[in-house]
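The values are calculated or read from the model by the stated rules, or taken from the named source; none is laboratory data. Bear in mind that the values here come from a model prediction, so they are computed numbers and not experimental data. With ideal geometry, Cβ positions are generated from the backbone for all residues, glycine too; neighbour counts draw on all protein chains shown. Calculation scope for accessible area: heavy atoms of the full protein, side chains included, ligands and nucleic acids excluded. Shrake-Rupley method; radii C 1.70, N 1.55, O 1.52, S 1.80 Å.
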Amino acid sequence: MKGIIKFIAIFSLMLLSVIETYAQPVWVKGTPAVASTGPLSITMNYGIDVTGTVYIIVYNYNNTSIYSSSTVRSRAILSPSGTIVATAVLSVKSTDIGKILKIVLSVKDPNQVHTVYIVAANSKKVLQASPVRLNATTLPCPE
């Protein structure tokens, strides 16, 4: 009986460490979010609860497609092309864990709806189950 209890305790501890190691990142409360826009820029707030990487792609229209996390990651790694007008691959270091961070994304069209897809991965490259999709309308050019 003692052997079974010992086995269960050891197995439970092993399982707990595996779950912690491969857990998906969780967004900091209130992120990701569009903080502001300009005629040619979108400022994004983001933050996760672990060290890792955040991947962002921006389309210059209202894109309603449903992408997988791996699709967003692979397109973010590539340079902007076609209707993807901005990409970013951002590191979240241990000093950034739990903080709200900002990035300014440069876009090409004023007074335009842009769709932003954002997904995070932990340091073991485990991606979140699905990316977040946000829309941001850039401001018109000043007269």
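Just one of the listed residues (39, 25) is at pLDDT 95 or above, part of a loop (DSSP other than H, G, I, E, B) and in contact with a Leu (Cβ under 7 Å, 6 or more places away or on another chain), and it is 39. Can you tell me which residue within the range 72-95, out of those that are part of a helix (DSSP H, G or I) and in contact (Cβ under 8 Å) with a residue 12 or more places away in the chain, is farthest from the chain's Cα centre (by Cα)? So the residue we want is 94. In the range 102-131, what residues are part of a strand (DSSP E or B), without any contact (Cβ under 8 Å) to a residue 60 or more places away in the chain and either open to solvent by 30 Å² or more (accessible area, probe 1.4 Å) or touching a Cys at 6+ places or on another chain (Cβ under 7 Å) (or both)? Of everything in the range 102-131, just one residue is part of a strand (DSSP E or B), without any contact (Cβ under 8 Å) to a residue 60 or more places away in the chain and either open to solvent by 30 Å² or more (accessible area, probe 1.4 Å) or touching a Cys at 6+ places or on another chain (Cβ under 7 Å) (or both), namely 113.
The set of residues from the range 88-101 being of a type outside the set (A, V, I, L, M) and either open to solvent by less than 80 Å² (accessible area, probe 1.4 Å) or in contact with a helix residue (DSSP H, G or I) (Cβ under 8 Å, 6 or more places away or on another chain) (or both) comprises 91, 96, 98. For the range 80-135, a tally of residues being touching a Pro at 6+ places or on another chain (Cβ under 6 Å), under 12 Å from residue 42 (Cβ atoms) and not hydrophobic (A, V, I, L, M, F, W, C) returns 1.
Beta carbons closer than 6 Å, at least 6 apart along the sequence or on distinct chains, pair a first residue in the range 46-66 that is farther than 15 Å from residue 31 by Cα with a second that is open to solvent by 40 Å² or more (accessible area, probe 1.4 Å) and of a type in the set (Gly, Ala, Ser) for 51/94; 51/123; 52/123. If only residues of the range 36-81 that are farther than 17 Å from residue 102 by Cβ and touching a helix residue (DSSP H, G or I) at 6+ places or on another chain (Cβ under 7 Å) are counted, the one that is surrounded by the most Cβ atoms within 10 Å (Cβ to Cβ) is 57. Exactly one residue out of 134, 139 is in a loop (DSSP other than H, G, I, E, B) and aliphatic (A, V, I, L, M): that is 139.
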